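So the structure is just underneath, and the comments pick up after that.
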Amino acid sequence: MESQSMVCTNIEQFPDESYEDLEDIECKNCLMVAFTSNTFNFENNFWKFRMTNSSLISIETQSFSHLQSLLQLHLENNIIETISPQAFAGLTNLNELHLEHNLLTTLPNGFLEGMSSSSVNLSHNKISTLEPAAFMGSNIFFMLDLSNNQINHLESTTFDYIGDLQQLDLSYNNLCHLPMGPGKFEVKCFVSSKIDWVKPAFCIRFGSRTFREDKRGTLPVG
């Protein structure tokens, strides 16, 4: 049986109804500027939601609490400026959360609280500030992409709340100090490096070479 899909265009709000028979909803050029706890008032079973290249500016608390079957949430290529704490609460089955290519400048404490996902993509925003508990209450258990932002400072506890993260991409930011990893060691003056945090060690990639940080120091790999 083919999956049931729906495509909507140029809408200002979703119809106040359940979408029990749908698996995939795509919104194109939509005029909605905010997601709120009233955007979806019914429990729904669709597993993929896409609203890209639209006018979305803000995501408020518990905007997706009735969409607990979601596996993929695509909100890239909008003009999102603000995300409230617990905006994605209740989404505990996600494989992918896409927020890349928006206008975010800061990530507030607990903005992913109550959410679990294999990967979260926040690349290509304008993020300069991560609050110390930005990732509190979230579980990202594979990949977090913060590349191509304007981050210039990290607290030593920023990623303590994040769960079982395996890979962290901080490439193309403005960091000169990295106060985290085993022993809270420092990496000096990288601007366009790619950093992969793979527990229990820490890998740093500069160009084609990879270095692994452990108790013996920084060692070349390969």
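Read the figures in this text as sums done on the coordinates, not as results from a lab. Note that the structure is a prediction, hence the values are computed from the model and not measured. With ideal geometry, Cβ positions are generated from the backbone for all residues, glycine too; neighbour counts draw on all protein chains shown.
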Spin-label zone in segment 102-124 - amide nitrogen under 19 Å from a point set 7 Å from the Cα of ASP164 along the C-beta vector: 113-121
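Apply 1/(1 + (r/R0)^6) to the Cβ-Cβ distance of LEU31 and THR82, taking R0 = 25 Å, and write down the FRET efficiency to the nearest 0.05. Working shown, then result.
On the way: r = 18 Å, r/R0 = 0.72.
Using R0 = 25 Å, I get an efficiency of 0.90.
Quote the charge dipole size of segment 1-171 about the Cα centre in Debye, to the nearest 20; the model charges only the Cβ of Lys and Arg (+1) and of Asp and Glu (-1). All intermediate terms of the calculation are to be shown ahead of the outcome.
On the way: 4 positive and 22 negative charges, 81 e Å.
The calculated dipole for segment 1-171 is roughly 380 debye.
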